[in-house]
Amino acid sequence: MAFLETRPFRFIHCGDLHLDSPFTGLGHTDSDIKKILYDASFQAFEKVLDYGLEEKASFVLIAGDIYDSLTRSLRAQLNFRDLVRKAGKEGLSIYVVHGNHDPLDSWTARVSFPDNLFRFPDRLSSVTHYEDGSPLAEIWGISYARKETSENLARRFSGIPRERDIFRIGLLHCNVGGVSTLHQNYAPCSLGDLIDGAVDYWALGHVHEMNILHDSSPMVVYPGNIQGRHMKEQGEKGCFLVSVDSGRVDGMEFLPTSEVLWMEEQVSLSGNEEIADIHDLVGAACDRIRSLARGRLSIARLSLTGTSDLQSFLNNPLFLDQLVQTFRDRERNRLDLVWIESIRNRTRGPSDLSELKDSDSFLSDFLRVAHQARHDPGLVETFLRETPGFNHIRLFLEKGDFPDYRELVDDAEKLGLSRLLEEHQE
Amino acid sequence: MMISEIVIRGFGIFSQEHLGDLPRGLIILSGDNESGKSTLKRFLKSALYGMEGKKGPIDKPLGTGTHGGLLRVIMNNGRSCQFILKGRKVQVHDPDGSTIDHSPQELLGGVDERLFSRIFCLGLEDLWEGEDRILDEDNLRSRIFAASSGLGHFSISRALSGLKDELSGISKWTSARKNTLLDEMEHKLHDIQKEMSALGDLSSLYVRLREEKKALEVQIRSLQDNIGTARFRSIEMKRLDNLIEPYQSLKRIEETMEGLKGAEKFPSSGKERYQVLKDRLMRTRAEINHLIKTEEDLGKRIREVQPIHKILQDRARMEEMTEHKVRLEEKLETLADLRSEKRELDRELCALLEAISRDWDLDDLEKADISMASAGEVEEFLKDLAGLKERKDRINGVLEEIELSHNNVFQEYHACGERLSSLEEDQDQESGRIQLENALKSLDALGHLSREHSLVEERIDMEQGRLNALSLDLERSEDQMEAPWILPLFLPSATFIVSGILFLPFFPGGGLDFPFSPFYPLFALCLSFALLVLRAHQKKRRDDFLEKQEVRGASFRNEMESSRKGLALLFQRAEELKSQLAFHCHNSGISMDFSSMDLDQRKIFLERSLSRVAIIEDTRSELTLLHEKLQKLSARKESIQKELSLLEEKMDSCYSDWTAWLREHDLPPELTPQLFDSFLQHIRTARKHYRNRQDITGRINGLEDYIAHLDKSSSDLLVSWGMERELSLSDRLNTIIYVFQEEEAKRELVGSLEKELDSVCEKLEKCRQEEKILLENMENIFRGTGVCDEEEFFSLHQDHLRFMELKEQSLQLKARLAGIAGSECSLREVSPSLENCNRSDLEKELLQLDRDIVGMEKDLSEKHQSLGQLEDRIRQLSIDRRQTVLSQEKELLMTEARELSRKWVLMAMTRAFLEKAVEIHEKQRQPKVISKASEYLGTITGGRYSLHSSMKDRSIILEEKENRTWKGVTTWSSGLADQAYIAVRLSLAELLNQNREPLPIILDDVHVRFDRSRQEGLAEVLLDIAGKRQIFFFSCDSGFQHIVRKVVSNGQMRSTPVNVLYCTLQDGKISPVGS
């Protein structure tokens, strides 16, 4: 069947708004920064809608997880409604499917939404978007009825007739081929399930990293979330502006929406032997991050790398805490501030520990114990279990708190050495 | 490796210094403080490892030469290289100058600088570091443990306890009720959770509120409808109520209008026209009255203002009087001036006469002869008198001065006398100057003597003590005279015999065959010989001992003898001193048992008495001098008084001559020669004033005549006008002029009044004619309206006005009723109802309706209020951030808690590693180190001590071998602790470097707390180690070189010969002194 003669149009594709969900992985924070964090997700969504209006997009697609139903945030629902209503007054239509964080059963009888918002039900449905009386695109979508949806929803799209005379979009919240292990495997499907369908553009949600899984027809796109909420969601977050002409995708542009940027930066200390040098290098790293953030608040984790003779300082948590505090104080009154989340020491000392390990000294014994622990996690567990207070501590620990066991042993080794050698710094 | 050559271009005190051909062995560098030992140690370390990354100075050269230097090094494998220090960096070159790829650390067996500093380079500061701390068991244990572990002065227990403190700060270490960081966080989290629960489900609340709002809105709408209906009904009722009253009023008005029908045709402007005519008539009549009154007034005034013709005829005389009046003013002023001038002259003349003489009058003034004034007689008189007076004044001045001096001296004399008597009363008569001086001298001598006496007594005590000690020593020495035991002489012989008897059977032919039998006699012989030798040795030792004891006893006895002699001399001196003390005590008036305080008090008393005696003597001599001065002043006063009386006599004779002279010239007798000049001046002035007075008197008389004439003529004129009055001349003249002018004015006024009267008469005639015409017109109006008089006319007019008013009211009421009813048609419709309507019923019904409406409105307002509150709550909910804030806060706290927990895990692991390492070290490593260290310590202490690791708690203890006793670290002396520490460090260096490049050891003044034998032991150890590696030993004690030399010479039989190089260091110059 031949495509209808439709004029070129554009639409916005975003997902995983997670409005009003808290930022995680931040310790003590200033009240001014907290205020920014409270509103960051809303401002990011406002940006999405502003892009839609500025770029004269015909509609906006939201691929699930508008907010976290767990928090049952009324503020999220009301602000979402108000922003949608505002966009509706400007003539912007919004199409939504619900994901695992905002399944349909969590939306019932909450807030009534304006007419420019179309929510897909928990069965495969379609809606045709008209503009000036002419059809532009046919949008197919399906929402999660409840959170635990393990069905391959993509397969339901196979029932759509293949013949079409208009650009067709599939709007779905799913995990394609286990593309992300960081996310729970809801509505799992394979890329093949999607490519084989009668859809021209797959507007997906669920994975928070921007990812184009298939860049020719049909396009399969994850835009990622619109605002990073922890250190694992680093860098620019945003949405896609998709241009369609003659029934196919003519161009895609990633539009940044983050109000707060999460960044990780490495600072090499090699060749710098003074404490003042560390301050200069950290300051320079902050400036680099600032230039990337372009006036926005950025939350940075700095890793000190390279070789340094200042191990006794660097391995002392107090020194690093003071360094962090110094830079927080220095940045405090800036509008484009860089809030240092933490500074981690990943430097090596100038002397070769393996030489020391082979010597006949106490240090060598210590290093050998650490070496042994590195290869025997059970040993460490025994050590920890024997330490009073561990039962209390384990209540606060989570599975992913120590992603790299060897790194933890390295840190303990460094801390031990610094405690052993700290009184002998010349 | 070994350092074969040291070249220092410039480094601190060193400049262009070179030390070559260094041996693999022991290099001893001796030098005083500040000779450069520590600098050289720093140079060696810096040349091996550089100074990069270090703060602080780089030991810039104090003298010439650039900073830096080099070390030539020979590795164990025979390879040579150079370590070159440039600035803070070290470069390693081959001997040919090419750079070596290996880093210094690689060449130095992987030992980094830190390890080198802790193990191979040991200074005095390493031993004494922490000396100010309490050397408790833990500290010392830690020190030894640290030494054996290669950590320098490190306390492992401090590291462990530090970690434990930090861990227990985060989470509970024991069951103590201390609040940890994690506890605090838990509390905070709990609070947040509680707050979140209290907040509840905002979404449900929002939905509920919205539903409530909708229900309320429905109720409000229904209430609004009810109110509307009630209001409509109320309006209807109110309309009826409003109509009733005007409707009834209309009816009443229509009835009244019927009664006033006759006045309807009254002309519309009739009353106005009548009123105009009446007003004009009234005005005309008022004007007529006014004109009549004016006419009367004018006639009356004309009659009043007629002039006196007699006066107007005397115009010529009046003009004459006017001229006199002008001149009279001047003449009166002149007369007054002249009179005042005359009075002034009279006053001055009186004053002059008073000044000349009280008894004189104007005649005496003319009579007095003043012709002799120029003869110069008066001047001579005056000259004589002035000379006499001047002299008298001078003499009087001198006399006053003498009087004053006399009085002053007399007062001084008197005061001095009183002072002396009071001093003499206080002074003790017995104590004269000489006695006091003698007492003071004795007092000084007493001080010296008493001190000497005390010293002598102390020495006596000491000597007695010494004597006692010597006698005790002697007794002890004599007690020890008992000689040590020696083998008895019979023992070798007996041994020989017994062995002979016992082994007889084994001798050849003794019956027994034994392979070694021929040796038994020889063995017995040897044994008895050995016993003999042993006895001889013991005897020699006993003899030596006895001889020594004898010598010692003799020396004790000699000492005791000399001590006794000294004691006798001291007793003698003490006696002498006692007698001298008694003599001086008597002299100074103090008892024998005085104390030093008594001496001081007595001395102060005597010194005070002596100073008082000196003051009395001075006062007495002063009194004598004052008496002499008084006598001289009295004599001088008498002579001057005589001279003064002679002078007064001369002055009296001079005054009698002057009186005679005055009488001769008719001059006043009271005139003094001094006042003569002023007298002459007064006479001349008075005579001049007298002549002026006579002239003024003549002029006054002329003026008085003129005034009298004028007075008479003016008085006559007024009398002729019939106006005789008592007036002054001037007033009279003024009256004449004024009266004449008045009459002139009257004549003019009468003329003008007569003209005015004519005009008034004319106006009056015109007004009377107008009045007549107006009365005729008014009559015509009455006739037109059919009334007879004004009263009827006005009554008719009133009726007409009333009718018109009612007509207007009726129209207004009709319009109002139509307005209330809605239209005239509606009004017609309700008219029947209005006719029958009962107003009170209507009002009751209306009241009830109003009440209902108020009730409903109140209800509505409450509902509106509730709605507003609901909307407010909904709005608040929509902007409520609490949920956001709380969930974010919870997340932040959770993160902080996780961070803390991670930190805890890290520290707990570190602590566990450390504890495990300590356990391993103490089990495996430490025994080796301790064993080697024990060997070294044994050598250093001459075999007295050995070092052990306790099996119980693995602490380090010392064994004193001789007594087989154990010494815990608390009982170690500082020197012993140093020795143990060095032994452990040297042992560690040995073991650590076993399979690698043997690095040189650098030791700096580590032996300062060693006694000589231990220094020898240390030298032994160093020589032992120096056989295997190079040692640089810096010492501030040059004696250590001798010790090493001695040890070297004693150990010639050493298995491996050791090279030793002896050097001295002085002001940065190194000089080898032998090897």
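The values are calculated or read from the model by the stated rules, or taken from the named source; none is laboratory data. These numbers were taken from a predicted model, which means no experiment stands behind them. Counting neighbours? That spans all protein chains shown, and the Cβs are built from the backbone with ideal geometry, glycine included. Areas reflect the complete protein model, heavy atoms only, side chains present, ligands, DNA and RNA absent. Shrake-Rupley method; radii C 1.70, N 1.55, O 1.52, S 1.80 Å.
Calculated mean residue ellipticity, 222 nm, chain B: -25000 deg cm²/dmol, from DSSP H runs (n ≥ 4) at -39500 (n - 2.57) each, averaged per residue and rounded to 500.
How large is log10 of I(q)/I(0) for region B:228-313 at q = 0.11 Å⁻¹ when the intensity is taken from the Debye formula with one equal scatterer per alpha-carbon? Computed log10 I(q)/I(0) values: -0.73. Compared with the rule-of-thumb size 2.2 N^0.38 Å for a compact globular protein, region A:1-153 has a Cα radius of gyration ratio of 1.13. Note on residue B:89: aspartates and glutamates with a C-alpha under 18 Å away, same-chain residues under 8 apart excluded, are A:273, A:274, A:309, A:426, B:52, B:59, B:101, B:106, B:112, B:113.
Each residue of region B:1033-1047 was assigned a 3J(HN,Hα) from its phi angle through the Karplus expression (A = 6.51, B = -1.76, C = 1.60, θ = phi - 60°), giving 10, 9, 9, 8, 10, 5, x, 5, 4, 5, 4, 5, 4, 5, 4 Hz with x at Gly and Pro. Computed packing ranks the peptides B:94-104, B:561-571 as B:561-571, B:94-104, most packed first, by mean other Cβ atoms within 10 Å. Each of residue B:712 and residue B:312 was given a label point 7 Å from its Cα along the Cα-to-Cβ line. The distance between the two points is 3.4 nm. A run of chain A free of exposed loop cleavage sites, with trypsin sites (Lys or Arg not before Pro) counted only in DSSP states other than H, G, I, E and B and at most 15 other beta carbons within 10 Å, reaches its longest extent at A:335-426.
Under the criterion of Cα pairs below 8 Å and six or more residues apart, the relative contact order for chain B equals 29 percent.
The amide H of residue B:260, built 1.01 Å from its N in the peptide plane, has no neighbour under 5 Å, considering only residues 5 or more places off or on other chains.
The 3J(HN,Hα) values that the Karplus relation (6.51, -1.76, 1.60; θ = phi - 60°) gives for region A:125-138 are, in residue order, 9, 9, 9, 9, 8, 9, 9, 6, x, 10, x, 10, 8, 10 Hz. Gly and Pro appear as x.
Under 5 Å between amide hydrogens, built in the peptide plane, is the criterion, and for residue B:30 it picks out B:1035, B:1063, B:1064, B:1065 among residues at least 5 positions away or on other chains.
For chain B, the longest principal axis of the Cα atoms and the long axis of helix B:824-836 meet at an angle of about 90 degrees. When the C-alpha to C-alpha distance is required to be over 32 Å, the pairs from A:34/A:86; A:89/A:237; B:383/B:632; B:86/B:1069; B:271/B:772 that qualify are B:383/B:632. Ignoring lysines fewer than eight residues from residue B:629 along the same chain, the ones with Cα atoms less than 30 angstrom from its Cα are B:392, B:637, B:642.
Pairs with C-alpha atoms separated by more than 31 Å, drawn from the list B:251/B:844; A:56/B:890; A:414/B:194, are A:56/B:890; A:414/B:194. What angle do you read, to the nearest 10 degrees and between 0 and 90, between the alpha-carbon axis of helix B:839-878 and the longest principal axis of chain B? So the helix axis and the longest Cα principal axis differ by about 30 degrees. On a per residue basis, the convex hull of the C-alpha atoms belonging to the protein assembly as shown measures out at 717 Å³. The Rg/Rh ratio of chain A, with Rg taken over Cα atoms and Rh as the Kirkwood radius over Cα pairs, comes to 1.07. Provide the buried accessible surface between chains A and B in square angstrom, both chains summed, 1.4 Å probe, rounded to the nearest 100. Heavy-atom accessible area buried at this interface is about 6900 Å².
Neighbouring Cβ atoms from other chains, within 10 Å of the Cβ of residues in A:21-29, number 6 on average. Near residue A:125, the amide H atoms lying under 5 Å from its own belong to A:141; only residues 5 or more places off or on other chains count, and H is placed 1.01 Å from N. Adding -39500 (n - 2.57) for every DSSP H run of four residues or longer, then dividing by how many residues chain A holds, sets the calculated 222 nm ellipticity at -9500 deg cm²/dmol.
Across chain A, C-alpha contacts under 8 Å between residues 6 or more apart give a mean separation that, scaled by the residue count, equals a relative contact order of 13 percent. Taking θ as phi - 60° and the Karplus parameters 6.51, -1.76 and 1.60, the scalar couplings of region B:464-471 work out to 5, x, 4, 4, 4, 4, 4, 5 Hz in sequence order, x denoting glycine and proline.
Using alpha carbons only, how many degrees (0 to 90, rounded to 10) separate the axis of helix B:519-588 from the longest principal axis of chain B? Rounded to the nearest ten degrees, it is 40. Across peptide B:874-880, the mean count of Cβ atoms from other chains lying within 10 Å of each residue's own Cβ comes to 3. DSSP beta bridges fully contained in chain B are about 65 percent antiparallel.
List the lysines whose Cα sits under 20 Å from the Cα of residue B:1046, skipping any in the same chain fewer than 8 residues away. Excluding near neighbours in sequence, the set is empty. Per residue, the Cα convex hull of region A:259-350 amounts to 75 Å³.
Shape class of chain B from the alpha-carbon gyration tensor: oblate, with a/c at 1.5 or above and b/c at least as large as a/b.
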